[in-house]
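The values are calculated or read from the model by the stated rules, or taken from the named source; none is laboratory data. Quick caveat: nothing in here was measured; it's all calculated off a predicted structure. Cβ placement follows ideal geometry from the backbone for every residue including glycine, while neighbour counts extend to all protein chains displayed. Surface accessibility is based on the protein's heavy atoms, side chains included, excluding ligands, DNA and RNA. Shrake-Rupley method; radii C 1.70, N 1.55, O 1.52, S 1.80 Å.
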Amino acid sequence: MLFIWGRRVVRRKFGYVADFCPICRQARIFMLRDVRVYRHVYYIPVSAFEKLGYERTCMTCKQRLSGAPAEYTAVRRMPAHAASFIQTSFPRLRDIYAERLRIEDEVRRSPLSLANEMRLRLIREPFVLQSPFVDARRRRTSLDVYCLLALIAGAGLVTLTPIVSGMLHMYEEGPVFGVMALLALALIAWVFSTEPRRFTRRKLLPRIVQALRPLKPSESELTAVVKSMISEGIHVATYLRSSLVLKALAKPSHSRAWGSADLSRGRG
Ligand SMILES: [Zn+2]
């Protein structure tokens, strides 16, 4: 009998707030949610809800970040007029992020004139922001289409045993079955173990590229940043070689219309 128990995380929508998004590199509208966890047996809660904190999701790039509700006045509906939204939800935003907004102005005007140390810090930031998602992906088994194909291919390999035995003129199918089963297991294990790498490249690389594009990082800068993160055991860097990031940066950007999530026009 399968016994299902463990911890479940639940997120409850709180409302919308303005805040700075380090991926979009400007003030954006975020959805704010509180995050709670409870213990369950067969998905039935058996413990009190324990509050883990707050999470905010950028409505433009979908980056999830930790929130700070003491600073906010959340509104229930997505605001229609972005320009006045900072004043409504986070009036101290421009004071709290004054230094960061000044740096972002410089990134827009002349990214290569920034100090070397600052450039490396800014290049590293979007990688580090994706790190928790990679770590979470590594902790659990997730299926993508390649995993399902590997399961089908593995089953196919085993069912080929009589044909392969016939081709090899072997009367005993046992050894052939053993080899085919081992091949199938090796294939499935390899495809499942490389799922976090595919997830990182499919889902997280576009966000990293979006944040890096205005900085115009050189190959040597990217290589230095990726190398230092690998030495620190930051897994996202092991899945994204600098050459891969440079290749993605070289492709034309498909920047979307920012719409009501764009707060930059509200400055003044
Ligand atoms: Zn964003």
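Listing for the model above:
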{"item": "Region 1-109: C-alpha gyration tensor shape, a/c 1.5 cut-off, then a/b vs b/c", "result": "prolate"}
{"item": "Surface share of carbon and sulfur [accessible, 1.4 angstrom probe, percent] for region 113-255", "result": "66 percent"}
{"item": "Accessible area (Å², per residue) of region 1-109, counting only protein heavy atoms and a probe of 1.4 Å", "result": "57 Å²"}
{"item": "Order by protection proxy (mean Cβ within 10 Å, highest first), peptides 237-249, 22-34", "result": "22-34, 237-249"}
{"item": "Pairwise centroid distance, computed over Cα atoms, of region 37-70 with region 129-157, Å", "result": "24 Å"}
{"item": "Accessible-area composition of region 1-109, carbon plus sulfur, in percent [1.4 Å probe]", "result": "54 percent"}
{"item": "Translational D in µm²/s for region 113-255 (Stokes-Einstein at 37 °C, 0.692 mPa s, Kirkwood Rh from C-alpha pairs)", "result": "184 µm²/s"}
{"item": "Mean Cβ neighbour count within 10 Å, used as a protection proxy, ranking 122-128, 109-115, 86-92, 159-165 highest first", "result": "122-128, 86-92, 159-165, 109-115"}
{"item": "Approximate spin-label separation Lys203-Arg12, in nm, with each point projected 7 Å along Cα-to-Cβ", "result": "2.5 nm"}
{"item": "Long-range HN-HN contacts of Val10 with modeled amide H, under 5 Å", "result": "Arg36, Val37, Tyr38"}
{"item": "Shape call, the chain: gyration tensor on alpha carbons, a/c limit 1.5", "result": "oblate"}
{"item": "In region 186-237, chymotrypsin sites (Phe, Trp or Tyr not before Pro) in a DSSP loop with at most 14 other beta-carbon atoms within 10 Å", "result": "none"}
{"item": "Qualifying lysines (Cα of each under 18 Å from Cα of Lys216; at least 8 residues distant if same chain)", "result": "Lys247, Lys251"}
